[in-house]
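The values are calculated or read from the model by the stated rules, or taken from the named source; none is laboratory data. None of the values given here were measured: they were computed from a predicted structure. Virtual Cβ from ideal backbone geometry, glycine too; neighbours counted across all protein chains shown. Heads up: the accessible areas ignore ligands, DNA and RNA and are worked out on the full protein's heavy atoms, side chains in. Shrake-Rupley method; radii C 1.70, N 1.55, O 1.52, S 1.80 Å.
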Amino acid sequence: MEHKFKKPATKRPVELMAPAGGFDSMMAAIQGGADSIYFGVEQLNMRARASMNFTLDDLEEVARICNENGVRSYLTLNTIIYEHDLSIMRRVVDRVKESGITAIIASDQAVIAYAFRVGVEVHISTQVNITNAETVRFYATFADVMVLSRELSMVQMKTICDTIKNENITGPSGELVEVEVFAHGALCMAVSGKCYLSLHTQNSSANRGACVQNCRRKYKVIDIEDGHELEIDNEYIMSPEDLCTIDFLDQLLDTGVKVLKIEGRGKGPEYVKTVAQCYREAIDAYYEGTYSKELGEQLKERMTEVYNRGFWGGYYLGQEMGKWTDQHGSKAKTRKVFLGNGRRYFKNIQVAEFQLETQKVKVGDRLLITGPTTGVVETVVEELHVNDEGKKEMAVKGDTFSIKLDTQIRPSDKLYKLVDAETVEA
């Protein structure tokens, strides 16, 4: 694989962590300026049911790419562990150690203890539901990094961070424990993800990575006395809007947290790159003294183009009740329409060639290219060459076309057109 991303010269004061559901999203995270990525393998992670996961045999390649780019890599091993899982768990942890993956994210004490025993760095998952400094002190025996409960306010988070500093609560490294929090992405109606709705209704446990997300649906209320039904109007009453902290990021960083985590291992690489870029810009502006509410709002608007259920500040600002979404699925202002695949790249003239399998492409269209090595590339068609017929205004299904592009593409890449979400036909 070829990589051209620049390693960060020094460790930044706050780590930006981005999700990786596959190699394309991992490259997108690196392109977006993430300091670390987190990912799962086929089993024992909270997105085990997702189609986007790595395999154990991918670990060496993941570690190599991340190490080349100065990015830390974390494998999620954060489900409930039953007795029959122990041998698999040990095998995964052993492979993490052999491959050079930076750390594992864990919640079950069996995983935490085994990883600590064999010398693998451990981060404590949000599934543990850490809500006070004494719990931090307890887990500091095993871990240098801990994710706080998502239900805390910033005042509560600051109290924990201050206590860690004032009482010198250190992890196995001898350094102060670092607090990690979710900064952006999907929120669950359950406390830090502990939910049994999917298990009770579909025999599919969310705590084993197999949530069917039936909380994201609309529901009716039935009066059991007389049978009258009421449909809940305008709200999906168990489906909260997405967490977004970018418009009050200065307040969040003032609490003393050291790691900001973006949710989204099940989302596409364009989501990963866009959100990582926005938070990278906001974090850098904070430390350069140029962050403003206006910048936060501008970046928040940019993120409306990728997957979202609407935005709210979670419980960080002290709200007592959730803010529920009013529609199913994403509210993204743009959507991607599949067009075809990459064919060849001519480096000497910086031209990319594609096979158009569906729809059409014309001058002025906004294109998105994604791939396991390419990551995410966006471009606007300024000039179009179709088949061997020279310059044209449009290419149609079945055509081979080429465009100027300063980034190499590959045959494994997928080509999309970005269109307004309200557009009926692409």
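Quick check on my filter: what residues within the stretch 386-426 are under 18 Å from Arg343 (Cβ atoms), in a strand (DSSP E or B) and under 30 Å from the mean Cα position of the chain (by Cα)? Before you say what the answer is, go through the steps one by one.
We begin by selecting, within the stretch 386-426, every residue under 18 Å from Arg343 (Cβ atoms); these are 386-390, 392, 395-417.
Filter once more, so that each one left must be in a strand (DSSP E or B): 386, 392, 395-396, 400-404, 414-417.
Passing the criteria: Lys414, Leu415, Tyr416, Lys417.
Look through Gly266, Gly227 and report the one residue that is open to solvent by 20 Å² or more (accessible area, probe 1.4 Å), modelled with pLDDT of 60 or more and touching a Gly at 6+ places or on another chain (Cβ under 8 Å).
It is Gly266.
Modelled with pLDDT under 85, surrounded by 20 or more Cβ atoms within 10 Å (Cβ to Cβ), in a loop (DSSP other than H, G, I, E, B) and of a type outside the set (Ser, Thr, Tyr): is that true of Arg12 in this structure?
No: the conditions fail for Arg12.
Only one residue in Val136, Val191, Val128, Val212 is at negative phi and at pLDDT 95 or above. Which one?
Exactly one of Val136, Val191, Val128, Val212 is at negative phi and at pLDDT 95 or above, namely Val136.
Which of the residues belonging to the stretch 129-164 are part of a helix (DSSP H, G or I) and small (Gly, Ala, Ser)?
Here is the first cut: in the stretch 129-164, the ones part of a helix (DSSP H, G or I) are 133-139, 154-164.
Ala133 - this is the single residue of the stretch 129-164 that is part of a helix (DSSP H, G or I) and small (Gly, Ala, Ser).
Could you say which residue among Leu299, Leu317 is open to solvent by 60 Å² or more (accessible area, probe 1.4 Å) and of a type in the set (A, V, I, L, M, F, W, C)?
Just a single option satisfies the conditions, and that option is Leu317.
In the stretch 149-163, what residues are open to solvent by less than 10 Å² (accessible area, probe 1.4 Å) and free of Cβ contacts under 8 Å to residues at least 60 places away in the same chain?
Across the stretch 149-163, the qualifying residues are Ser149, Ile160.
Within the set of pairs 6 or more residues apart or between chains, which connect a residue that is of a type in the set (Asp, Glu) inside the stretch 394-416 to a residue that is in a loop (DSSP other than H, G, I, E, B) with Cβ atoms less than 6 Å apart?
Asp399/Asn387; Asp406/Gln350; Asp413/Thr374
Being in a helix (DSSP H, G or I), of a type outside the set (Val, Ile, Thr) and either open to solvent by 10 Å² or more (accessible area, probe 1.4 Å) or not assigned by TED's automatic domain parsing to the domain that holds Arg117 (or both) is the filter here; which residues of the stretch 78-103 pass it? Please lay out each step first, then the result.
In the first step, residues of the stretch 78-103 are kept if they are in a helix (DSSP H, G or I); the result is 83-99.
Imposing the further condition that a residue be of a type outside the set (Val, Ile, Thr) reduces the set to 83-87, 89-91, 94-95, 97-99.
Those that are in a helix (DSSP H, G or I), of a type outside the set (Val, Ile, Thr) and either open to solvent by 10 Å² or more (accessible area, probe 1.4 Å) or not assigned by TED's automatic domain parsing to the domain that holds Arg117 (or both): Glu83, His84, Leu86, Ser87, Arg90, Arg91, Asp94, Arg95, Lys97, Glu98, Ser99.
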